[in-house]
1. Is at least one residue of segment 59-67 within 14 Å of the ligand (Cβ to nearest atom) and over 15 Å from the mean Cα position of the chain (by Cα)?
2. Please enumerate the residues belonging to segment 73-97 that are near the ligand (Cβ under 6 Å from one of its atoms) and not acidic (Asp, Glu).
3. Taking residue 14 as meeting all but one of (1) under 18 Å from residue 93 (Cα atoms); (2) near the ligand (Cβ under 8 Å from one of its atoms); (3) crowded, with 21+ Cβ neighbours inside 10 Å, write down the number of the exception.
4. When residues of segment 20-63 are filtered for being among the aromatic types (Phe, Trp, Tyr) and closer than 26 Å to residue 88 by Cβ, how many remain?
5. With the requirement that a residue be in a loop (DSSP other than H, G, I, E, B) and within 13 Å of the ligand (Cβ to nearest atom), what does segment 1-11 give you?
6. Tally time: how many residues in segment 27-58 are under 22 Å from residue 136 (Cβ atoms), among the charged types (D, E, K, R) and more than 9 Å from the ligand (Cβ to nearest atom)?
7. Do you know which of the residues in segment 134-160 that are at pLDDT 90 or above and crowded, with 21+ Cβ neighbours inside 10 Å is farthest from residue 48 (Cα to Cα)?
8. When you check residue 137 against the structure, is it more than 14 Å from the ligand (Cβ to nearest atom) and either touching a strand residue (DSSP E or B) at 6+ places or on another chain (Cβ under 8 Å) or of a type in the set (A, V, I, L, M) (or both), yes or no?
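The values are calculated or read from the model by the stated rules, or taken from the named source; none is laboratory data. From a predicted model like this one, the values you see are computed outputs, not experimental measurements. All Cβ positions, even for glycine, are placed from backbone atoms using ideal geometry, and neighbour counts span all protein chains on display.
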Amino acid sequence: MSGLVVGVLGGTGPQGRGLAYRLARAGQQVVIGSRSAERAQEKAEELGLGVRGADNAATAAQSDIVIVAVPWEGHAELLASLRAELAGKIVVDCVNPLGFDKQGAYALVPEEGSAAQQAAALLPESRVTAAFHHLSAVLLLDPSVDEVEMTCWCWGRSGPPPTPCRLWRTGSRGCAGSSPGGCATPTRWSRWSPT
Ligand SMILES: NC(=O)c1ccc[n+]([C@@H]2O[C@H](COP(=O)([O-])OP(=O)(O)OC[C@H]3O[C@@H](n4cnc5c(N)ncnc54)[C@H](OP(=O)(O)O)[C@@H]3O)[C@@H](O)[C@H]2O)c1
(Lines give C-alpha, C1' and ligand atoms only; values in the text may rest on other atoms or scores of the structure.)
Protein backbone atom coordinates (compact mmCIF):
# COMPACT_ATOMS: atom_id res chain seq x y z
CA MET A 1 0.00 0.00 0.00
CA SER A 2 2.65 2.59 0.92
CA GLY A 3 4.10 2.20 -2.59
CA LEU A 4 0.87 3.50 -4.06
CA VAL A 5 0.22 7.18 -4.57
CA VAL A 6 -3.07 8.54 -3.28
CA GLY A 7 -4.36 11.71 -4.90
CA VAL A 8 -7.05 13.93 -3.42
CA LEU A 9 -9.09 16.06 -5.82
CA GLY A 10 -10.14 19.25 -4.07
CA GLY A 11 -7.43 18.45 -1.57
CA THR A 12 -7.04 22.09 -0.48
CA GLY A 13 -10.33 22.01 1.46
CA PRO A 14 -10.69 20.82 5.05
CA GLN A 15 -11.88 17.33 4.17
CA GLY A 16 -9.25 16.72 1.52
CA ARG A 17 -6.47 18.07 3.73
CA GLY A 18 -7.74 16.04 6.65
CA LEU A 19 -7.73 12.80 4.71
CA ALA A 20 -4.35 13.66 3.16
CA TYR A 21 -2.92 14.37 6.60
CA ARG A 22 -4.14 11.09 8.08
CA LEU A 23 -2.96 9.04 5.11
CA ALA A 24 0.45 10.72 5.04
CA ARG A 25 0.78 10.28 8.78
CA ALA A 26 0.15 6.57 8.24
CA GLY A 27 3.03 6.45 5.71
CA GLN A 28 1.07 6.80 2.46
CA GLN A 29 2.39 8.87 -0.45
CA VAL A 30 -0.14 11.64 -1.01
CA VAL A 31 -0.72 14.36 -3.61
CA ILE A 32 -3.39 16.99 -3.05
CA GLY A 33 -5.08 18.54 -6.07
CA SER A 34 -6.63 21.91 -6.73
CA ARG A 35 -7.83 24.04 -9.61
CA SER A 36 -4.62 25.97 -8.90
CA ALA A 37 -1.32 24.09 -8.72
CA GLU A 38 0.15 26.93 -6.69
CA ARG A 39 -2.58 26.73 -4.06
CA ALA A 40 -2.17 22.97 -3.86
CA GLN A 41 1.57 23.30 -3.33
CA GLU A 42 1.06 25.90 -0.58
CA LYS A 43 -1.43 23.71 1.25
CA ALA A 44 0.77 20.65 0.78
CA GLU A 45 3.70 22.46 2.37
CA GLU A 46 1.52 23.42 5.31
CA LEU A 47 0.59 19.75 5.80
CA GLY A 48 4.21 18.56 5.59
CA LEU A 49 4.79 14.81 5.91
CA GLY A 50 5.97 14.70 2.29
CA VAL A 51 2.55 15.63 0.90
CA ARG A 52 2.84 17.10 -2.59
CA GLY A 53 0.52 19.48 -4.43
CA ALA A 54 -0.50 19.73 -8.09
CA ASP A 55 -3.47 20.75 -10.18
CA ASN A 56 -6.35 18.29 -10.22
CA ALA A 57 -5.48 16.80 -13.62
CA ALA A 58 -1.83 16.20 -12.69
CA THR A 59 -2.94 14.80 -9.34
CA ALA A 60 -5.24 12.30 -11.03
CA ALA A 61 -2.61 11.39 -13.61
CA GLN A 62 0.12 10.60 -11.08
CA SER A 63 -2.05 8.77 -8.53
CA ASP A 64 -3.00 5.11 -8.25
CA ILE A 65 -6.00 5.81 -6.04
CA VAL A 66 -7.93 9.06 -6.20
CA ILE A 67 -10.19 10.48 -3.49
CA VAL A 68 -12.82 12.99 -4.62
CA ALA A 69 -13.27 15.76 -2.04
CA VAL A 70 -14.85 18.67 -3.89
CA PRO A 71 -18.23 20.26 -3.15
CA TRP A 72 -21.21 18.66 -4.86
CA GLU A 73 -21.66 21.62 -7.21
CA GLY A 74 -18.26 20.97 -8.81
CA HIS A 75 -18.43 17.17 -8.75
CA ALA A 76 -19.82 16.27 -12.17
CA GLU A 77 -17.89 18.85 -14.14
CA LEU A 78 -14.56 17.95 -12.55
CA LEU A 79 -14.95 14.19 -12.96
CA ALA A 80 -16.16 14.48 -16.54
CA SER A 81 -13.04 16.51 -17.33
CA LEU A 82 -10.74 13.88 -15.78
CA ARG A 83 -12.17 10.74 -17.36
CA ALA A 84 -8.94 9.90 -19.20
CA GLU A 85 -6.67 10.54 -16.19
CA LEU A 86 -8.89 8.42 -13.93
CA ALA A 87 -9.30 5.47 -16.30
CA GLY A 88 -8.18 2.19 -14.76
CA LYS A 89 -7.91 3.69 -11.25
CA ILE A 90 -9.75 3.30 -8.00
CA VAL A 91 -11.81 6.40 -7.29
CA VAL A 92 -13.02 6.90 -3.72
CA ASP A 93 -15.85 9.42 -3.52
CA CYS A 94 -16.58 11.14 -0.20
CA VAL A 95 -18.85 13.84 -1.59
CA ASN A 96 -22.15 14.51 0.15
CA PRO A 97 -24.69 16.00 -2.24
CA LEU A 98 -25.75 19.06 -0.28
CA GLY A 99 -27.53 22.28 -1.04
CA PHE A 100 -27.37 25.33 1.19
CA ASP A 101 -29.93 27.94 2.11
CA LYS A 102 -30.46 30.42 4.94
CA GLN A 103 -31.14 27.57 7.35
CA GLY A 104 -27.94 25.74 6.44
CA ALA A 105 -27.24 22.53 4.58
CA TYR A 106 -29.89 20.19 3.22
CA ALA A 107 -29.63 16.86 1.41
CA LEU A 108 -30.05 16.64 -2.34
CA VAL A 109 -30.95 13.47 -4.21
CA PRO A 110 -28.88 13.20 -7.37
CA GLU A 111 -30.56 11.78 -10.43
CA GLU A 112 -28.09 8.87 -10.36
CA GLY A 113 -28.86 8.07 -6.70
CA SER A 114 -25.74 9.44 -5.01
CA ALA A 115 -22.55 11.34 -5.73
CA ALA A 116 -20.62 8.09 -6.08
CA GLN A 117 -23.19 6.68 -8.47
CA GLN A 118 -22.87 9.84 -10.52
CA ALA A 119 -19.10 9.34 -10.48
CA ALA A 120 -19.50 5.74 -11.62
CA ALA A 121 -21.72 6.87 -14.49
CA LEU A 122 -19.21 9.53 -15.53
CA LEU A 123 -16.17 7.27 -15.14
CA PRO A 124 -17.01 3.96 -16.81
CA GLU A 125 -13.36 2.94 -16.96
CA SER A 126 -12.67 3.60 -13.28
CA ARG A 127 -13.53 1.53 -10.24
CA VAL A 128 -15.63 3.84 -8.11
CA THR A 129 -16.36 3.31 -4.46
CA ALA A 130 -17.91 5.53 -1.78
CA ALA A 131 -16.39 6.12 1.65
CA PHE A 132 -15.45 8.66 4.34
CA HIS A 133 -18.63 10.76 3.98
CA HIS A 134 -19.18 11.09 7.69
CA LEU A 135 -15.64 11.78 8.89
CA SER A 136 -15.12 15.12 10.59
CA ALA A 137 -12.50 17.24 8.87
CA VAL A 138 -11.92 18.98 12.20
CA LEU A 139 -10.90 15.73 13.86
CA LEU A 140 -8.92 14.53 10.86
CA LEU A 141 -6.89 17.74 10.86
CA ASP A 142 -6.27 17.91 14.60
CA PRO A 143 -2.71 16.66 15.22
CA SER A 144 -3.48 16.11 18.89
CA VAL A 145 -6.01 13.45 17.91
CA ASP A 146 -4.03 10.23 17.59
CA GLU A 147 -6.81 8.05 16.35
CA VAL A 148 -10.11 8.89 14.76
CA GLU A 149 -12.48 6.27 16.07
CA MET A 150 -14.91 5.54 13.34
CA THR A 151 -16.97 2.97 11.68
CA CYS A 152 -16.73 3.11 7.96
CA TRP A 153 -18.37 1.34 5.14
CA CYS A 154 -16.96 1.42 1.69
CA TRP A 155 -19.68 1.02 -0.89
CA GLY A 156 -19.33 -0.03 -4.45
CA ARG A 157 -20.80 -2.12 -7.18
CA SER A 158 -20.80 -5.84 -6.64
CA GLY A 159 -17.52 -7.72 -6.68
CA PRO A 160 -14.61 -7.91 -4.28
CA PRO A 161 -13.77 -4.70 -2.44
CA PRO A 162 -10.90 -2.64 -3.73
CA THR A 163 -7.99 -3.74 -1.54
CA PRO A 164 -6.96 -0.21 -0.51
CA CYS A 165 -10.43 0.43 0.86
CA ARG A 166 -10.22 -2.67 3.02
CA LEU A 167 -6.77 -1.69 4.23
CA TRP A 168 -7.75 1.87 5.02
CA ARG A 169 -10.78 0.55 6.81
CA THR A 170 -8.79 -1.75 9.00
CA GLY A 171 -5.16 -0.80 8.94
CA SER A 172 -4.35 2.90 8.69
CA ARG A 173 -3.33 4.26 12.04
CA GLY A 174 -5.42 7.26 12.97
CA CYS A 175 -7.72 6.80 10.04
CA ALA A 176 -9.07 3.35 10.61
CA GLY A 177 -12.46 1.91 11.24
CA SER A 178 -12.84 -1.07 13.49
CA SER A 179 -15.87 -2.57 11.87
CA PRO A 180 -18.44 -1.68 9.27
CA GLY A 181 -21.05 0.69 10.54
CA GLY A 182 -23.17 3.58 9.42
CA CYS A 183 -21.93 6.34 7.23
CA ALA A 184 -23.48 8.70 4.79
CA THR A 185 -23.48 6.55 1.74
CA PRO A 186 -25.28 6.33 -1.57
CA THR A 187 -28.85 7.43 -1.23
CA ARG A 188 -30.22 4.39 -3.02
CA TRP A 189 -28.76 1.50 -1.14
CA SER A 190 -30.30 -1.23 -3.21
CA ARG A 191 -28.16 -0.70 -6.29
CA TRP A 192 -24.87 -0.69 -4.42
CA SER A 193 -23.53 -3.19 -2.00
CA PRO A 194 -21.09 -2.83 0.87
CA THR A 195 -17.54 -3.76 -0.07
N1 LIG B 1 -15.80 19.19 5.72
C2 LIG B 1 -16.15 18.04 6.27
O3 LIG B 1 -16.10 17.84 7.51
C4 LIG B 1 -16.65 16.91 5.41
C5 LIG B 1 -16.92 15.67 6.01
C6 LIG B 1 -17.32 14.60 5.19
C7 LIG B 1 -17.47 14.77 3.83
N8 LIG B 1 -17.23 15.99 3.29
C9 LIG B 1 -17.39 16.13 1.82
O10 LIG B 1 -16.11 16.36 1.29
C11 LIG B 1 -16.19 17.30 0.22
C12 LIG B 1 -15.21 18.42 0.49
O13 LIG B 1 -15.58 19.06 1.68
P14 LIG B 1 -14.82 20.40 2.13
O15 LIG B 1 -15.48 20.88 3.36
O16 LIG B 1 -13.36 20.17 2.13
O17 LIG B 1 -15.24 21.35 0.89
P18 LIG B 1 -14.73 22.76 0.37
O19 LIG B 1 -13.70 23.33 1.28
O20 LIG B 1 -15.93 23.60 0.08
O21 LIG B 1 -14.09 22.36 -1.03
C22 LIG B 1 -12.93 21.58 -1.15
C23 LIG B 1 -12.08 22.11 -2.29
O24 LIG B 1 -12.77 21.90 -3.52
C25 LIG B 1 -12.36 22.88 -4.47
N26 LIG B 1 -13.55 23.38 -5.12
C27 LIG B 1 -14.46 24.27 -4.64
N28 LIG B 1 -15.46 24.48 -5.52
C29 LIG B 1 -15.15 23.71 -6.60
C30 LIG B 1 -15.76 23.52 -7.87
N31 LIG B 1 -16.92 24.12 -8.21
N32 LIG B 1 -15.16 22.68 -8.74
C33 LIG B 1 -13.99 22.05 -8.43
N34 LIG B 1 -13.35 22.22 -7.25
C35 LIG B 1 -13.93 23.03 -6.36
C36 LIG B 1 -11.62 23.96 -3.68
O37 LIG B 1 -10.25 23.82 -3.99
P38 LIG B 1 -9.48 24.76 -5.05
O39 LIG B 1 -10.14 26.11 -5.00
O40 LIG B 1 -8.10 24.76 -4.50
O41 LIG B 1 -9.63 24.08 -6.37
C42 LIG B 1 -11.84 23.60 -2.24
O43 LIG B 1 -10.71 23.89 -1.42
C44 LIG B 1 -17.65 17.77 0.15
O45 LIG B 1 -18.31 17.15 -0.92
C46 LIG B 1 -18.25 17.33 1.47
O47 LIG B 1 -19.61 16.95 1.34
C48 LIG B 1 -16.81 17.06 4.03
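1. no
2. 74, 78, 94, 95, 96
3. Just one mismatch for residue 14, condition (3).
4. 0
5. 10, 11
6. 1
7. 135
8. no
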